[in-house]
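FYI, it's all coordinate maths here, none of it is from the lab. Computed from a predicted model, the values in this text were never measured in an experiment. Methodologically, a virtual Cβ is constructed for each residue, glycine included, from the backbone with ideal geometry; neighbour enumeration extends over all protein chains shown.
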Amino acid sequence: MIVSVIGLGLIGGSLAVDLKQRGFASKLIGVDNNPMHAHTAKKLGLVDEIQDLQSAIQNSHLIVLAIPVDACVKILPTLMDQIDLQIVTDLGSTKEKLITSISNHPKRKQYVPAHPMAGTEFSGPQAAQRGLFDGKCSIICNPEDSTKEAVAIVADMFHSLKMRCVYMDSEVHDRQTAYVSHLSHISAFALSLTVLHKEKADKHIFELASGGFDSTVRLAKSSAEMWTPIFQQNKKNVGKVLQKYIDTLQQFKDLIEMDDLDGMDNLINEANDIRRVLDQKEKNEQETIKKSVKAKRA
């Protein structure tokens, strides 16, 4: 299968290199409107060749959009106008607005909305990683609105990346990612800004920072080009989640000011239950990798 990846940054580059290495793609075509990114991706061997968008569409069986969500909304309707039998998918973190942009398109069923839940705080083709998606979860939204063949091919693509697929409604997806992805990035941005403002008055504050601080603000290194459009497209859900987060912060603030030690203990002990959830998540990821290895050997 010939696969074109539109956007050769961290996600697109990581996907491309593993699809070729693991045998899903017989040929990988890369497209990027940044000439330096395109050159770097080819030099690093992430793709077999670079083509312009129109040529890549004509020469592919599967087209993967790995660009910021605002760019996806702009390009998807035009792209769908140009396809014949090709299947199109995307890797964006928001879905409702993207799906709405082609809801009445005659070739809508050849599009499969998807979102692999993986990534790092780095960007660009030089940030691409082999095995980035191993064991992770990929969401396929509104599968009933796509052909069974299209959904099966996109699911096979994710399975080749050693991912497990979960199917859900796009509205549910956008609401849940606001909690587990979008809020964590806003929290990291806010914490980073708070400490940077303090650093202006106290140049030695970062000398006190250790592993806990580093891991908490890691996501603050993520690019505005990617995240500003995500927050804008999912503002309804992000706004609600942020208010709940602010309420919880206020609760901690009140308990601290009142010296309510029992109240603080209760909140912290309740928060500790996240360990159970994360342990189960890690277990699921390891089981996915094992199943993928067994299936490949069979």
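The table below lists the values:
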read-out	value
Cα pair distances of region 87-207 binned at 5 Å [whole percent]	2, 10, 17, 17, 16, 13, 9, 5, 4, 3, 2, 1, 0
Entries of LYS97/LYS236; LYS109/LYS236; LYS95/LYS235; LYS107/LYS136; LYS148/LYS290; LYS20/LYS74 with Cα pairs more than 21 Å apart	LYS109/LYS236; LYS107/LYS136; LYS148/LYS290; LYS20/LYS74
Distance histogram in 10 Å bins (all Cα pairs of region 62-102, percent per bin)	30, 62, 8
Simple Cβ-charge dipole of region 2-168, Lys/Arg +1 and Asp/Glu -1, about Cα centre, in debye nearest 20	280 debye
Region 234-253-region 122-185 distance, computed between alpha-carbon centres (Å)	25 Å
Expected 222 nm ellipticity per residue - DSSP helices of 4 or more, -39500 (n - 2.57), all of the chain, to 500	-17000 deg cm²/dmol
Debye equation applied to the C-alpha atoms of region 1-74, log10 I(q)/I(0) at 0.21, 0.24 Å⁻¹	-0.81, -1.06
Equivalent ellipsoid semi-axes, the chain, via Cα gyration tensor eigenvalues times 5, rooted, Å	37, 21, 20
On Cα atoms only, tilt of 274-297 relative to the major axis of the chain in degrees	20 degrees
Enclosed volume per residue, in Å³, of the convex hull spanned by Cα atoms of region 66-146	113 Å³
Size-normalised alpha-carbon gyration radius of region 1-142, reference 2.2 N^0.38 Å	0.96
